[in-house]
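What follows is a set of notes on a single structure, which appears directly below.
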Amino acid sequence: MHTTLPLLLAALLFSLGGDDAAEEAYFRIIPNSYCCLKAGTEITIDGRMDESAWKAAAWTSDFVDIQGEAGPMPRLRTRVKMLWDETYFYVFAELDEPHVVGTLRQRDTVIFQDNDFEIFVCPTGTNLTYYEFEVNALNTVWDLFLKKPYRDGGPADNGWDITGLKSAVHVRGTVNDPTDVDEGWNVEVAIPWAAFDRTAIYQEGNILPVPPAPPVPGQDMRVNFSRVEWRYDAASGFYRKIQGMKEDNWVWSAQGVIDMHRPEKWGWVYFMDQPTACDRAQADPDYVYHLALMRIYAAQKQYFKRHRKYARSLDDLILPPHLLTLNGARLEIRPSRKGYVAAYLITRPDGSQSVVTVDENSQLLTMEEIPR
């Protein structure tokens, strides 16, 4: 199952304003969602989809260009299924490919220099502490951890390995043989929930660990998938990457820009134990505020570039007026010890109140009050 946000929420997103066309496209894209069913039976990781649980799982929508509608339609089909149980998060990817190529054989090399398949997981959905997995057609893996996005100075920890990882590739054809035409290749992966042991949130410079745990039915997680595809020729009897041509980047949920490291644009994966429960998978009602806060974050970055400090007041930032009271929620900015916190004070339909915040690390949190 893949759905989008309700039309009313989409209309709110479209009203966020701005002058730059690329920026507008970025903020108008609504992430996909997927109902991830519990496996129920043992899954053998072999690159084949023989188990009944896989056959019952729905495919995602076909991958699109990473830029969304601004990019060209992918030449080749890519799609994914997902499952879960108390131990693993399972992913099965089907990549159509008439010429399956792979060269890299050393773990933790830069796998996207080959054609590859990639998984991105942010367990908390806060834009911080996320995980990346890449694999090529030879089942060579690159797994890495980021404590915050590259845009916020987060270096990648390439030394981190997914303990207990299971991965397999099944080639529907042959690898590195230009004399035939292949059907493609499949990737099957089981990532232990225990591998997400570096997940954390930051509050005023303090790192608060979030212990890894399997989801409970109804819980969601931010996930995206990417496929990097290079162009090759075989005129000389072997595959040679065509020089001067950029790679294609195809994804499940469009990012709006050529950059996978923007977790706020990743899709929602909802974990359910019964197919009938999929109707309960609802898009995050706070997402409209998340996107608006990312506008504040972007404005603060521009202000910092000009003044070498963050704005301490909304009056210092050039913002569309409707952002100041979005959907009736009041916007505030307060200095913090390391930067700033921007927040919407939200009154829920039941009368309760909460605060949705962003900080200088692009971390998005929902709390009961603004941190002082």
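Laid out as a table, the results:
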read-out: Flag if Gln274 is touching a residue at least 60 places away in the same chain (Cβ under 8 Å), loosely packed, with under 14 Cβ neighbours inside 10 Å and assigned by TED's automatic domain parsing to the domain that holds Ala93; value: yes
read-out: Residue satisfying all of: in the range 284-319; within 17 Å of Asn361 (Cβ to Cβ) and either of a type in the set (Gly, Ala, Ser) or not assigned by TED's automatic domain parsing to the domain that holds Val341 (or both); surrounded by the fewest Cβ atoms within 10 Å (Cβ to Cβ) among these; value: Ala298
read-out: Residue count for the range 233-254, restricted to those that are of a type outside the set (A, V, I, L, M, F, W, C), over 16 Å from Phe117 (Cα atoms) and in contact (Cβ under 8 Å) with a residue 24 or more places away in the chain; value: 2
read-out: Within the range 320-372, tally of residues that are loosely packed, with under 13 Cβ neighbours inside 10 Å and in contact with a helix residue (DSSP H, G or I) (Cβ under 6 Å, 6 or more places away or on another chain); value: 0
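The values are calculated or read from the model by the stated rules, or taken from the named source; none is laboratory data. Since the model is a prediction, treat every value here as computed from it, not as a measurement. Glycine gets a Cβ as well: all are built from the backbone with ideal geometry, and neighbour counts include every protein chain shown.
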